[in-house]
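S.K.: Before I ask anything, let me first share the structure, which is written out below as structure tokens.
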Amino acid sequence: MTLNQVTFPSLDLSLAVPFYQQLGLELIVEAMPHYARFACPDGGSTFSVHKVGALPVGEGTFIYFECADLDERCAALVKAGITFDEPPSDRDWLWREARLRDPDGNRLILFWGGENRLNPPWRVGKREA
């Protein structure tokens, strides 16, 4: 099984689409104003946004986008006007993460996990490298 796509709700795709393009996703389906789908630059996964009348209430979903060039990418995004809730920092779970929100308040985490992404020291059934 492979994860193909994750979809976020959006009140206004005219704001969401350029935001995700600015993050580096490639627009591959544009069915405005109701739906847009993006290809991730690496790995074959896709991401989409769809128009909703109201955003969900509560904690919501966190989407992680892995970036080998995390610090450089975040610096470029800040320079381009993207605001981060938390700049890149090392985490106890051995990843480096930066946190931000899209125009609808959906939570995004740009991160670099390296070997620890799938094989942390506490992994159940840890694989030998």
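S.K.: Restricting to segment 1-22, and then to whatever is under 22 Å from ALA75 (Cβ atoms) and in contact (Cβ under 8 Å) with a residue 24 or more places away in the chain, can you tell me which residue is surrounded by the most Cβ atoms within 10 Å (Cβ to Cβ)? I'd like the intermediate steps shown before the answer.
M.R.: Narrowing segment 1-22 to residues under 22 Å from ALA75 (Cβ atoms): 18-22.
Going one step further and asking which of them are in contact (Cβ under 8 Å) with a residue 24 or more places away in the chain, we end up with 19-20, 22.
On the way: PHE19: 20, TYR20: 24, GLN22: 13.
Step by step, filter segment 1-22, then rank; the result is TYR20.
S.K.: Which of the residues belonging to segment 24-37 are open to solvent by less than 20 Å² (accessible area, probe 1.4 Å) and under 19 Å from LEU70 (Cβ atoms)?
M.R.: Selection gives LEU25 alone.
S.K.: Restrict the check to segment 39-51 and report whether at least one residue is loosely packed, with under 11 Cβ neighbours inside 10 Å and at negative phi.
M.R.: The answer is no; no qualifying residue exists.
S.K.: Name the residue, out of ASN119, ASN106, that is among the polar types (S, T, N, Q), farther than 15 Å from PHE19 by Cβ and either out of contact with any helix residue (DSSP H, G or I) (no Cβ under 8 Å at 6 or more places or on another chain) or modelled with pLDDT of 95 or more (or both).
M.R.: None of the other options fit; the residue is ASN119.
S.K.: PHE19: assigned to a strand (DSSP E or B), at pLDDT 95 or above and not hydroxyl-bearing (Ser, Thr, Tyr), yes or no?
M.R.: Here the answer is no, as PHE19 does not meet what is asked.
S.K.: Inspect segment 81-99 for any residue being loosely packed, with under 10 Cβ neighbours inside 10 Å, modelled with pLDDT of 95 or more and either polar (S, T, N, Q) or within 20 Å of LEU25 (Cβ to Cβ) (or both) and give the result as yes or no.
M.R.: Within segment 81-99, one or more residues are loosely packed, with under 10 Cβ neighbours inside 10 Å, modelled with pLDDT of 95 or more and either polar (S, T, N, Q) or within 20 Å of LEU25 (Cβ to Cβ) (or both).
The values are calculated or read from the model by the stated rules, or taken from the named source; none is laboratory data. Because the structure is a prediction, the values reported are computed rather than measured. Every residue, glycine as well, gets a Cβ built from its backbone with ideal geometry; the counts of neighbours run over all protein chains shown. SASA here: full protein model, heavy atoms, side chains in, ligands and nucleic acids out. Shrake-Rupley method; radii C 1.70, N 1.55, O 1.52, S 1.80 Å.
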